[in-house]
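Right, one structure below, let's go through it.
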Amino acid sequence: MNKITLTLGDITQVNVDAIVNAANTSLLGGGGVDGAIHRAAGPQLLAECRTLNGCRTGEAKITKGYRLPAKYVIHTPGPIWQGGNHHERELLRNSYMNSLKLAETYRCQIVAFPSISTGVYHFPLDQAAPLAIRVIQDFLRSAKVVEQVQMVCFDDGTKRAYDHALSELNES
Ligand code: ADP
């Protein structure tokens, strides 16, 4: 059965078909999870990213995983929170959806996501978590290849927010 799982941990360590990177639009690396992924993947990742000419917010591009256990990295710049009236929710939905579509195209069965936009981009976690869980759940209903999506939470507060969102969804 297609399903969503939640784990506490470091996304650079997970052994899945594709991990998603909460990138910035340059795709040339940054802080947070982006920096961690580039450090763990090695310099060839940046070399491939340089060939991609950046990526718009809410869109997604794929590279190889190089030294990572994951075969692919799907890079998506999530929206920067600007108060909520600048299409932030729609753009965050697009980031998840376009990443999942790419995963499907590249025949990935297991995909891992970090909590996109809730770090330095300041998207409120209590809104981002239910939005992410809903879009992933909707996608999994009609997915042909993707079987499992792992939300890899880096801290307890993030894990709690996604646990809560998942239990609310299961109750509804
Ligand atoms: P954004 O710019 O999209 O907000 P950040 O990297 O600042 O991206 O934060 C997104 C989320 O990723 C935050 O919850 C942050 O704690 C988390 N994070 C940071 N490093 C890692 C990692 N190695 N694995 C998983 N999540 C991580």
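The values are calculated or read from the model by the stated rules, or taken from the named source; none is laboratory data. Just so it is clear, the model here is predicted, and its values are computed rather than measured. Cβ sites come from the backbone with ideal geometry, for glycine too, and all protein chains shown count toward neighbours.
Taking the criterion of being surrounded by 24 or more Cβ atoms within 10 Å (Cβ to Cβ) and either among the β-branched types (Val, Ile, Thr) or near the ligand (Cβ under 10 Å from one of its atoms) (or both), the residues of the range 126-145 that qualify are Ala128, Ile133, Ile136. When residues of the range 146-163 are filtered for being more than 14 Å from Ser99 (Cβ to Cβ) and either part of a helix (DSSP H, G or I) or near the ligand (Cβ under 10 Å from one of its atoms) (or both), how many remain? Residues meeting the conditions: 11. When restricted to residues that are of a type in the set (Val, Ile, Thr) and surrounded by fewer than 18 Cβ atoms within 10 Å (Cβ to Cβ), the range 70-109 contains 2. Report the residue count in the range 40-57 for those that are surrounded by 23 or more Cβ atoms within 10 Å (Cβ to Cβ) and closer than 23 Å to Gln109 by Cα. The number of residues fulfilling the criteria is 2. Any residue at all in the range 145-167 that is more than 26 Å from Asn15 (Cβ to Cβ) and at pLDDT 95 or above? Yes, because at least one residue in the range 145-167 is more than 26 Å from Asn15 (Cβ to Cβ) and at pLDDT 95 or above. Going residue by residue through the range 97-107, is there one that turns out to be touching a residue at least 40 places away in the same chain (Cβ under 8 Å) and of a type in the set (S, T, N, Q)? Yes, some residue in the range 97-107 is touching a residue at least 40 places away in the same chain (Cβ under 8 Å) and of a type in the set (S, T, N, Q).
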